[in-house]
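In what follows, a structure is listed as structure tokens, so that the remarks can point back to it.
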Amino acid sequence: MDFIPGLPDDVARQCLIRVSYEKFSTIAAVCRVWKSEVEDPDFFRLRKTAGYTRPVFAMAQARVVPNRSSGGMKCPTLAYRVTLLDLETGNWSELPPVPGFSDGLPMFCQLVGVESELVVVGGWDSDTWEISRSVFIYNFLSATWRRGADMPGARRSFFGCATSGLERVVYVAGGHDGEKNALKSALVYDVAKDEWAPLPDMARERDECKGVFHRGKFHVIGGYCTEMQGRFGRSAEAFDFANWEWDKAEEDFLEDSTCPRTCVDGGDMGMYMCHSGEVVALQDSRWQTVDKLPAEIRHTAYMTTWEGKLLVIGCRSFGEAHVAYTLDLKSRRWRKLVAPEEFCGHVQSGCCLEI
């Protein structure tokens, strides 16, 4: 059966790769041939090579759930769902619930983008507060969730997490176990094989660290050891894949002892983060001011970069609605992304994908 009657298959395929990602499930439902084509990993790679992918920010975002059971009582509470922000069009949308979590995502879970898939790792069960080892993967081509292999070893939360973007693997390091003991162990998850494997231990424990894949290495930034309990350090470690070992810790990687959650990869421009009301960049081993944050953002929830731009989500003060701004790193111009009211909740974690 032809892809499109009357057209050569290569021409028909060029038509399909131009379809917006929101319509993948629709075109997959047309016929078996289209479904097979859209769900083939080569379809995504062809689409990306031809320049038809779009940058999308996926986030774990809060919403108020009315009349949810809590301690035997019915009361409104917060639950997290996966929402999407199309960074080209400014459109907001929501993914279907993760199977088994119809009331919301595990709290404090990590989100990582791997090609055309979104990986949700760990977190806390919102009912029992138990640390979860769960892994769920959403495939944008088939518009379906599937369960991945659980994280092995100690139950961990508040860990660093990142992916290279070149391989279908996710790296996890640090965090703390169920007894609040900080960890220095690290893992790698192969999404295609659905297998976990250990990495060598880091030099030190790192609770609430940030994972960033930068210039071919997995960087684990900041965090604190068990004895420090919330007093962040300034050091960072990077895993050298060529030698299969951690580089010597860089003791003064951060200028201040601060939470590193906004650190992001900036490609050839180094790294970026938000600090003291400013966007700063790591250039020539020094953090330098790029621009001041918009007045509406004094508490930054999340930041990411793509194609010479920067997305910052945050609020003026705790408890207020979250707002999103983009910064063109060349022109230094900020632009506010207006969000419908239902997409103004607290952002817990997120990642940028091209789909």
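No value in this document is a laboratory result; all are computed from the given coordinates. Computed from a prediction, not measured in an experiment: that's the story for all the values here. Positions of Cβ are backbone-derived with ideal geometry, glycine not excepted, and every protein chain shown enters the neighbour counts.
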Amide H neighbours of D291 at under 5 Å, excluding residues fewer than 5 places away on the same chain, with H built from the backbone geometry, are V279
Two-site FRET efficiency, D2 against A192, from Cβ-Cβ distance with R₀ of 25 Å, rounded to 0.05: 0.25
Please state the shape class of the range 1-141: rounded when a/c is under 1.5, otherwise prolate if a/b exceeds b/c and oblate if not, all from the C-alpha gyration tensor. prolate
Expected output is a single nm value to one decimal: the length gained when fully extending between V19 and S285, i.e. 0.36 nm times separation in residues minus the C-alpha distance. What is it? 91.5 nm
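With a cap of 13 neighbouring Cβ atoms within 10 Å, and only residues DSSP puts in a loop, list the trypsin sites (Lys or Arg not before Pro) found in the range 197-237. Display every interim value, and only then the final one.
Numbers: sites: R204, R206, K210, R215, K217, R231, R234; in loops: R204, R206, R215, R231, R234.
Within the range 197-237, the qualifying trypsin sites (Lys or Arg not before Pro) (loop, at most 13 other Cβ atoms within 10 Å) are R215, R231.
Pulled fully out, how much extra length does the chain show between E296 and S93, if you take 0.36 nm times their separation in residues and subtract their Cα-Cα distance?
Numbers: separation 203, 0.36 × 203 = 73.08 nm, distance 2.29 nm.
Stretched fully, the E296-S93 segment lengthens by 70.8 nm.
Take the cross-link list K210/K330; K23/K309; K217/K248; K210/K248; K217/K309 and give me the ones stretching past 24 Å between alpha-carbons. Walk me through the numbers before you get to the answer.
Values: K210/K330 26 Å; K23/K309 26 Å; K217/K248 13 Å; K210/K248 17 Å; K217/K309 22 Å.
The pairs that break the limit, which is 24 Å between Cα atoms, are K210/K330; K23/K309.
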Return the distance in nm (one decimal) between the two label points of a simple spin-label model at D247 and L78, each offset 7 Å from Cα along Cα→Cβ. 3.6
Considering only DSSP states other than H, G, I, E and B, which GluC sites (Glu not before Pro) in the range 234-311 qualify as loop sites with at most 12 other Cβ atoms within 10 Å? E251, E307
Run the numbers for R54 and C31: contour at 0.36 nm per residue of separation, minus the present Cα-Cα distance, in nm. 5.8 nm
